[in-house]
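The values are calculated or read from the model by the stated rules, or taken from the named source; none is laboratory data. Computed from a predicted structure; not experimentally measured. Cβ placement follows ideal geometry from the backbone for every residue including glycine, while neighbour counts extend to all protein chains displayed. Protein only, heavy atoms only, side chains kept; ligands, DNA and RNA dropped before computing areas. Shrake-Rupley method; radii C 1.70, N 1.55, O 1.52, S 1.80 Å.
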Amino acid sequence: MTDTRHEDAAAEFDPLRPRLMRVAYRMLGSVADAEDMVQEAFIRWMGADRSAVREPEAFLRRTVTRLCLDQLKSARRQRETYIGPWLPDPVVEEEQEEDVTLPLMLALERLSPLERAAFLLHDVFGLGFEEVAATIQRDPAACRQLASRARTHVREARPRFQIEKQKSLEIAEAFFTASRSGDMKALGAMLAADVSVHADGGGKRPAAMKPIFGFDAVMKVHQSLAVLFQKHGSKLVHAGFINGLPGFVTLEGDGELQTTALDIEDGKVTAIYVVRNPDKLKHLH
């Protein structure tokens, strides 16, 4: 009987798992933590009186969101001692996700956990404020205020320029070719004047300890990197979308993976996001 109940619980839960992972990952920015929260929600689902649950998806979304709110408190403490710039775990997708791109995820980091939850649930996942209120246990008026404050903070990080999918992938592949071959003229033609580089090594692999800003500084870095690429190689593994931005996965000379995501506006690269921390790349293997 118990086995049958568990099988029934899993049969109801499994189709919802991808949507719950979407919520958890966008709340936390960590694939491993999101998986843990979804698994904990499944354990609670198995122990719940499911006959009393009218809408399993709403019940589970609330459970996952509340677990994530608790997790964010400890995650924030961990990030205070993080070595170098922090970037969310890279999620590689074949299609362009436009609801929460990497710059927006970084903007969400500046919000309080409740602001983040209210904004994601309402503005991204399309829930009404009554449902948001039931999920984060605040009244609807407070949830409207939380979402409004969040919207103000993240407005600049929302995509302002739409770029055709194939064109953006062509720019990403051209960026890989120019940066690895040392073709500085071709690389420079792709960069905006105010371009920046953000590299997350987490203290586990060499990476710039602070973001690098400006065309000249970014070009200087890539000139140095081109020498290293010539000596140690850098193999293109996959080109696609990383957290909603065009980019690529590479196998570097030290035998480790790396992801590079490019923010592109008006055909120019305005920001380069590189994840080198092996802990954040495990799921890509």
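Just want the answer: with Cβ charges of +1 for Lys and Arg and -1 for Asp and Glu, which residue in P90, L69, S112 is farthest toward the dipole's positive end in the chain? Farthest towards the positive end: S112.
Using only helices, what value at 222 nm comes out for the chain when you add -39,500 (n - 2.57) per DSSP H run of length 4 or more and divide by the total residues, to the nearest 500 deg cm²/dmol? Value at 222 nm, helices only: -16000 deg cm²/dmol. Using a 1.4 Å probe on the protein chains only, how many percent of the accessible area of the chain belongs to carbon and sulfur? The value for the chain is 52 percent carbon and sulfur by accessible area. Once the trypsin sites (Lys or Arg not before Pro) in DSSP loops with at most 12 neighbouring Cβ atoms within 10 Å are cut out of the chain, the longest remaining piece is 161-285.
If each of E256 and R17 carries a label point 7 Å out from its Cα toward its Cβ, how far apart are those two points in nm? It is 2.9 nm.
In order along region 23-33, the phi-based Karplus estimate (6.51 cos²θ - 1.76 cosθ + 1.60, θ = phi - 60°) of 3J(HN,Hα) comes to 4, 5, 5, 5, 6, 10, x, 10, 5, 4, 5 Hz; Gly and Pro are listed as x.
Using 0.36 nm per residue and subtracting the Cα-Cα separation, the extra length available between I163 and D36 on full extension is 42.3 nm. Basic side chains Lys and Arg get +1 at the Cβ, acidic Asp and Glu get -1 at the Cβ, and with that the dipole of the chain about its Cα centre reaches some 880 debye. The length gained on full extension between Q223 and V124, counted as 0.36 nm times the residue separation minus their Cα-Cα distance, comes to 31.7 nm. When GluC sites (Glu not before Pro) are flagged only if DSSP places them in a loop and at most 11 other Cβ atoms lie within 10 Å, the longest unflagged stretch of the chain comes out as 165-285. Under a 5 Å amide H cut-off, with hydrogens placed 1.01 Å from N, V91 pairs with N243 among residues at least 5 apart or on other chains. Inter-label distance, T81 to S148: 4.0 nm, where each label sits 7 Å from its Cα along the C-beta direction. Each residue of region 147-154 was assigned a 3J(HN,Hα) from its phi angle through the Karplus expression (A = 6.51, B = -1.76, C = 1.60, θ = phi - 60°), giving 5, 5, 4, 4, 4, 5, 5, 9 Hz with x at Gly and Pro. Listed by chain and number, the lysines placed with their C-alpha closer than 20 angstrom to that of K282 are K204, K235; residues fewer than eight positions away on the same chain are left out. With a/c under 1.5 counting as rounded, go ahead and sort the chain into rounded, prolate or oblate using the C-alpha gyration tensor (a ≥ b ≥ c being the square roots of the eigenvalues; past the cut-off, prolate if a/b is larger than b/c, else oblate). Prolate, since a/c reaches 1.5 and a/b exceeds b/c. Under a model in which nothing but the beta-carbon of Lys, Arg (+1) and Asp, Glu (-1) is charged, region 165-285 shows a dipole of about 280 debye around its Cα centre.
Taking A134, A52, A32 as the candidate residues, the one with maximal mean-square fluctuation in a Gaussian network model of the chain, Cα springs under 10 Å, is A52.
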